[in-house]
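S.K.: Structure below; questions to follow.
Readers should treat all values here as calculations from the given coordinates under stated rules, not as data from a laboratory. Remember, it's a predicted structure, so these values are computed and weren't measured experimentally. Using ideal geometry, Cβ is built from the backbone for each residue, glycine included, and neighbour counts are taken over all protein chains shown.
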Amino acid sequence: MKKFILILLSVIILAGCQSKPVTGETVAVAGGSYKNVSPNELNTMLKNKDFVFVNVHIPFAGDIANTDLSIPYDQIDIPENLSQLPADKNAKIVLYCRSGRMSAIAAEELVKLGYTDIWNLTGGMADWERAGFEIENK
């Protein structure tokens with residue numbers, strides 16, 4: 001009986017530790033929508049990274065760990081920059097910048113270009129740091 005209770009408690013504790021999936025906050029824009037995520041939600045997403053992670057801030061002010069690309073927000077629609085992104089417009093892409101303003105502009109541009117799974121870090125690297133996470137290569 002004790003063994004059963006220990007197993008049951010272990011299952012309950014492990015179930016409570018499971019993180020719920022990140023859904024983000026939908027932002028409607030011309031041509032579709034993108035999702036805003038908080039620093040804590042992004043941190044959860046980075047644990048099982050299944051997206052292209054893009055820093056769009058200019059000038060360079062550092063990276064969040066596991067960043068895949070740096071593309072200036074105001075040049076994201078240039079063919080040579082678009083060629084760095086997945087050809088599949090349904091691929092998940094997460095954008096960030098220093099404050100969230102540039103990445104929101106880039107997110108809207110990518111949606112206009114037909115991308116369907118765009119995510120944006122609200123508050124950018126500033127909120128990321130305020131949440132206790134680090135910026136690399138400052």
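S.K.: Residue by residue through region 108-125, note down the ones that are of a type in the set (A, V, I, L, M) and farther than 16 Å from Thr67 by Cα.
M.R.: Correct list: Leu110, Val111, Leu113.
S.K.: Give just the number: which of (1) surrounded by 16 or more Cβ atoms within 10 Å (Cβ to Cβ); (2) touching a Ser or Thr at 6+ places or on another chain (Cβ under 9 Å) does Ala131 not satisfy?
M.R.: Ala131 satisfies every listed condition except (1).
S.K.: Against the condition over 11 Å from the mean Cα position of the chain (by Cα) and of a type in the set (A, V, I, L, M, F, W, C), how does Phe60 come out, does it pass?
M.R.: Numbers: over 11 Å from the mean Cα position of the chain (by Cα): yes; of a type in the set (A, V, I, L, M, F, W, C): yes.
The answer is yes for Phe60.
Per-residue answers, yes or no, for (1) surrounded by fewer than 22 Cβ atoms within 10 Å (Cβ to Cβ); (2) aromatic (Phe, Trp, Tyr); (3) in contact with a helix residue (DSSP H, G or I) (Cβ under 8 Å, 6 or more places away or on another chain); (4) under 16 Å from Glu41 (Cα atoms):
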position	(1), (2), (3), (4)
His57	no, no, yes, no
Asp63	yes, no, no, no
Asn66	yes, no, yes, yes
Pro79	yes, no, no, no
Asp88	yes, no, no, no
Ser99	yes, no, yes, no
Ile105	yes, no, yes, no
Leu113	yes, no, yes, no
